[in-house]
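Below is one structure, written out as structure tokens; comments come after it.
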């Protein structure tokens with residue numbers, strides 16, 4: 001039996017540390033695909049917000065950066081409102097194996113929400129509002145938090161995205177099409 005590679009051991013260690021932290025982690029597709037519940041930083045308009053952050057770790061993690069994105073909507077100059085993609089140098093360009101998954105959630109994302117960079121926007125409307133009308137920007141962020149980033153909003157989103165299993169005893173609905181005997185006779189079965 002061969003021993004796991006250093007990268008694989010590091011991936012396992014980082015994910016386990018994240019799971020053991022105060023953050024809520026949901027495994028979506030193995031240790032390399034999961035979501036993390038992230039709370040907005042204090043003393044910002046994001047303070048009462050709760051977001052699910054999707055994390056996808058590449059095969060060559062930690063030598064290549066993770067892919068992260070917000071799963072519920074957020075209004076921020078450096079986050080694409082529709083896709084949730086994050087524009088953050090430390091993840092996209094200057095990532096180094098010295099960083100860990102914990103750094104992303106404990107430092108990098110908190111800093112990004114506390115100090116947006118409107119000169120490198122993914123959301124031009126948010127960047128313009130942040131620069132030209134800061135109070136209106138804060139108001140819109142708080143509106144988004146109330147609409148999309150509450151515990152209740154997360155529950156509704158999770159219920160919408162959850163696969164629905166069919167009850168085997170329920171004959172009212174079927175996943176198979178029903179044919180009359182005449183239609184079935186003409187088919188090659």
Residue hits (the range 123-134; over 19 Å from residue 41 (Cβ atoms) and surrounded by fewer than 17 Cβ atoms within 10 Å (Cβ to Cβ)) are 124, 125, 128, 131, 132, 133
Within the range 52-61, the count of residues that are buried (at least 16 other Cβ atoms within 10 Å of the Cβ) and either under 13 Å from residue 18 (Cβ atoms) or modelled with pLDDT under 95 (or both) comes to 4
For the range 18-30, the count of residues that are without any contact (Cβ under 8 Å) to a residue 60 or more places away in the chain and either surrounded by fewer than 15 Cβ atoms within 10 Å (Cβ to Cβ) or assigned to a strand (DSSP E or B) (or both) equals 9
All-but-one check, residue 114 against (1) under 18 Å from the mean Cα position of the chain (by Cα); (2) under 30 Å from residue 132 (Cβ atoms), failing number (1)
Of the candidates 15, 55, the one satisfying the condition of being part of a helix (DSSP H, G or I) and touching a residue at least 12 places away in the same chain (Cβ under 8 Å) is 15
Filter the range 31-52 for residues that are more than 30 Å from residue 139 (Cα to Cα) and part of a strand (DSSP E or B); the one that is nearest to the chain's Cα centre (by Cα) is 34
For the range 30-45, indicate whether the set of residues that are on the phi > 0 side of the Ramachandran plot and either modelled with pLDDT under 95 or touching a strand residue (DSSP E or B) at 6+ places or on another chain (Cβ under 8 Å) (or both) is non-empty.
yes
Of the residues in the range 1-14, those that are over 15 Å from residue 98 (Cα atoms) and at pLDDT 90 or above come to 12
Per the filter on the range 80-102, residues in contact with a helix residue (DSSP H, G or I) (Cβ under 8 Å, 6 or more places away or on another chain), closer than 25 Å to residue 21 by Cβ and without any contact (Cβ under 8 Å) to a residue 60 or more places away in the chain are 86, 88, 90, 91, 99
The helices (runs of 4 or more DSSP H) lying entirely within the range 87-185 that contain at least 2 residues which are modelled with pLDDT under 90 are 89-92, 151-161, 181-185
Among the residues of the range 62-79, the number that are free of Cβ contacts under 8 Å to residues at least 60 places away in the same chain and farther than 12 Å from residue 91 by Cα is 4
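The values are calculated or read from the model by the stated rules, or taken from the named source; none is laboratory data. All of these numbers come straight from a predicted model, not from anything done at the bench. As a convention, Cβ positions derive from the backbone with ideal geometry for all residues, glycine included, and neighbour counts pool all protein chains shown.
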